[in-house]
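Enquirer: Let me begin by handing over the structure; questions about it come next.
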Amino acid sequence: MAIKKRWTQAEKEFLLNNFDKMAIAELAAALGRSIHAVRQQCAQLGLKREQHKKETSIKDYKFEYQPGDLVRVTFDTWNRYKCKERTGRVLKVYDKYVLVQFEGWKECVNLGSLIAGDTRMELLKRGKAA
């Protein structure tokens, strides 16, 4: 078992002065400590990063799909035997995904996979809602 090294007052002051200026990994490297140890000490000192979590919606990414649209969906897959491209109609647009009717089944296209580029969706034709 490793011996825990006590935090000196100088190290604590370094954290207090540089917490907002440096990433946790940079602080750990500068102090010769592990990232885990730095996170624990920051928590003990009451240091918290401002988190600007904003609820993400499909509308934020200008995906202007609407029910009835004909779309081509390309799935990036490691399995070369699976079909990578399908054409279908948009059934419904939700806040976090788009429900598409393909021949024989329905598929939810997740907002995260569209943003990450794992899945691509291309509008082929504007349609009327069914």
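Enquirer: Which ones in segment 36-68 are modelled with pLDDT under 85 and more than 30 Å from residue 93 (Cα to Cα)?
Expert: 49, 50
Enquirer: When segment 1-23 is examined, which residues are found to be out of contact with any Cys (no Cβ under 7 Å at 6 or more places or on another chain) and surrounded by 10 or more Cβ atoms within 10 Å (Cβ to Cβ)?
Expert: Going residue by residue through segment 1-23, those that are out of contact with any Cys (no Cβ under 7 Å at 6 or more places or on another chain) are 1-14, 16-18, 20-23.
Within segment 1-23, 5, 7, 8, 11, 12, 13, 14, 16, 17, 18, 22, 23 qualify.
Enquirer: Going residue by residue through segment 90-99, is there one that turns out to be under 16 Å from residue 124 (Cα atoms), loosely packed, with under 13 Cβ neighbours inside 10 Å and modelled with pLDDT under 85?
Expert: Taking every residue of segment 90-99 in turn, none turns out to be under 16 Å from residue 124 (Cα atoms), loosely packed, with under 13 Cβ neighbours inside 10 Å and modelled with pLDDT under 85.
The values are calculated or read from the model by the stated rules, or taken from the named source; none is laboratory data. Since the model is a prediction, treat every value here as computed from it, not as a measurement. With ideal geometry, Cβ positions are generated from the backbone for all residues, glycine too; neighbour counts draw on all protein chains shown.
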